[in-house]
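The values are calculated or read from the model by the stated rules, or taken from the named source; none is laboratory data. This structure is a prediction, so every number in the text was calculated from the model and none was measured. Reconstructed Cβ throughout: ideal geometry from the backbone, glycine too, with neighbour counts over all protein chains shown. Please note that ligands, DNA and RNA were not included when accessible areas were found on the heavy atoms of the full protein model with its side chains. Shrake-Rupley method; radii C 1.70, N 1.55, O 1.52, S 1.80 Å.
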Amino acid sequence: MFEKLSERLSGVFDKLTRRGALSEADVDEALREVRVALLEADVALPVVKDFIERVRVGAVGEKVIKSVTPGQMVVKLVHDELARTLSAGESQEPGISLNAPSPVPILMLGLQGSGKTTTTAKIAKRLTEKQNKKVLMASLDVRRPAAQQQLAVLGEQTMVKTLPIVPGEPPVAIAKRAMQMGRLEGFDVVILDTAGRLAIDEELMAEVKAVSDAVHPHESLLVADAMTGQDAVTVAKSFREKVGVTGIVLTRIDGDARGGAALSMRQISGAPIKLLGTGEKLDAIEDFHADRLAGRILGMGDIVSLVEKAIETTEAEEAERLAKKMQKGQFDLDDMASQLKQLQKMGGLAGVMGMLPGIGKMQKQLEGKVDEKHVKRSLAIISSMTPKERRNPDLIKASRKNRVAAGSGTSVQEVNKLLKQHQEMQRMLKQVSKLGQKGLMRHGLGALMKGGMGGPGGMGGGGGMGGMR
């Protein structure tokens, strides 16, 4: 979502950091460009003015002028101010607050099409799996055709209980029945998915307010589509003034929105951003961390989130088994398949690359070269081999390659590329085996990415995963 903003800011800061000393005029020129970049990213004008003024006060101070690297000090000031603008304050814990008597009522608010019902299911799945909570979902949308059935289907997919549908029942009665069921059946959380509209209107607000007054929600979460830009900020402000909003869930941040909504929303609406919807899958939701997002915007990456995602998607026993094999310099095609599957769970190469420091500057160079389909093709090739061949790739000669290619729907050339990539990964892992288990686990995925992105046999040589089409 922040690619264009990141690209503009990176250009500004590259000029600054190349200079040995900065004058006030240099700072003013840079901040003018930052101002334009923020406005082009659809950040609200009042937010931009406050932002630039606060950075200017720090940037022309004695601390920056006397700094060894004044350009980098200005970058740090912008980073800190971005984090402060996005942040809800040090006391605000990331994610949803459940610090209330059970069942904790959570009210989902938003306009039609913002992804509210899907986000309801995502949150329920997250609370069930990560916090071991017993969750009940209830749809209060009696206007949109099949809205209640949609939530019931999502409940089946996420294995989360949904309130039985009673045709003709009004929203307030549904909400009260959901809370009653929550109390009687020992649920920890009750999530109430309210109706949406195409635009803010009095009828919508009256309905949502009546539900809110009936259940007294502990959290009232506004689901806002990042693609709507400044309209999302207006919607957030309206809901907060008329109903009350305790937090915002920003959806579709994986799209090509300009990013201004996220920067503006905290300051203008007064409600903190609590969660980010990062994709269409039901597990594609994550806690919002202001400092990490600021790092992503400035091209500093988000290594902490990358590590957390790796831990979430890696089973301890599998990691231990692979680490022991790597310590002995062993790495067969079954191990390679395991690493590829982990890469898929982490969002593919694009998802991982987006969190790496400095990768923003390479986006244009890599455009069109990172083909996510190559992971699926590689797994198909490996799956078409016999267990013996996967354990000992040296057995795979011409006739076997023809059989594997036919079985996987690929070509012999692609089979050769995969085998070459495996050899390169095995060579690299043997080199780092002396570093011990920590070094191996640190380099394991790195070796996989290097093989697929630019190492020998990678994009540069056309022999790795990236070479596949």
With a 1.4 angstrom probe the carbon and sulfur portion of accessible area for region 171-280, in percent, totals 50 percent
Between V104 and residues 5 or more places away or on another chain, the pairs with built amide H atoms under 5 Å apart involve V189, V190
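Where only protein heavy atoms count, and the probe is 1.4 Å, what is the accessible area per residue for region 133-198 in Å²?
Accessible area per residue, region 133-198: 48 Å².
Going from most exposed to least, what order do H289, H422 have by accessible area with a 1.4 Å probe?
H289, H422
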Taking only the Cα positions of region 163-260, the convex hull volume per residue in Å³ is 125 Å³
Row for region 108-196, column shape: gyration tensor on C-alpha, a ≥ b ≥ c, rounded if a/c < 1.5 i.e. under 1.5, prolate if a/b over b/c, else oblate; value oblate
Pairs over 31 Å Cα to Cα, from K134/K209; K122/K388; K373/K401, come to K122/K388
Label model pair I200, D394: point-to-point distance (7 angstrom along the Cα→beta-carbon line) in nm is 7.1 nm
For the T234, K341 Cβ pair and Förster radius 56 Å, calculated FRET efficiency rounded to 0.05 is 0.85
If the chain between V153 and E169 were fully extended at 0.36 nm per residue, the gain over the current Cα-Cα distance would be 3.8 nm
Which residues qualify? For L109, with a placed amide H closer than 5 Å and at least 5 residues away or on another chain, they are L221, L222, V223
